[in-house]
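Below is one structure, written out as structure tokens; the observations come after it.
The values are calculated or read from the model by the stated rules, or taken from the named source; none is laboratory data. These numbers come from a predicted model, not from an experiment. So basically every Cβ, Gly included, is an ideal-geometry build from the backbone, and we count neighbours across all protein chains shown.
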Amino acid sequence: ILLDEELSAKIEEIVRTLPPLQREVLILREIHELSYEEIAEITGADANSVKARLPRARRNLARRIAPGGRVL
């Protein structure tokens, strides 16, 4: 459980370093489980912009996390 808590804290730290627009869509989609349309309404962006930002945010996050949960 301690390792899970440490990994969660590190992921939260990495998420905070994402560019603001990427961080916003990532949090709204992955944590709050909102639809693309709901995110677009909240952010004032169109759904296509949301759909483009989300994969970029996920890639940026994945680049910083190595296999096994190690943070790079």
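Residue-wise test of (1) touching a Lys or Arg at 6+ places or on another chain (Cβ under 7 Å); (2) exposed (fewer than 11 other Cβ atoms within 10 Å of the Cβ); (3) aromatic (Phe, Trp, Tyr).
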residue: Asp4; (1), (2), (3): no, yes, no
residue: Lys10; (1), (2), (3): no, no, no
residue: Val15; (1), (2), (3): yes, no, no
residue: Ile27; (1), (2), (3): no, no, no
residue: Glu33; (1), (2), (3): no, yes, no
residue: Tyr36; (1), (2), (3): yes, no, yes
residue: Ile39; (1), (2), (3): yes, no, no
residue: Ser49; (1), (2), (3): no, no, no
residue: Asn60; (1), (2), (3): no, no, no
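Out of Ala52, Ala40, I need the residue that is modelled with pLDDT of 90 or more, assigned to a helix (DSSP H, G or I), in contact with a helix residue (DSSP H, G or I) (Cβ under 6 Å, 6 or more places away or on another chain) and among the aliphatic types (A, V, I, L, M). Which one? After applying the criteria, what remains is Ala40.
Each residue in region 28-37 was checked for being farther than 16 Å from Ala62 by Cβ and out of contact with any helix residue (DSSP H, G or I) (no Cβ under 6 Å at 6 or more places or on another chain), and 4 of them qualify. Among the residues examined, Ile11 does not qualify as at pLDDT 95 or above and not in a loop (DSSP other than H, G, I, E, B). Quick one: in region 55-72, which of the residues that are outside any helix (DSSP H, G or I) and hydrophobic (A, V, I, L, M, F, W, C) is modelled with the highest pLDDT? In this case the residue turns out to be Ile65.
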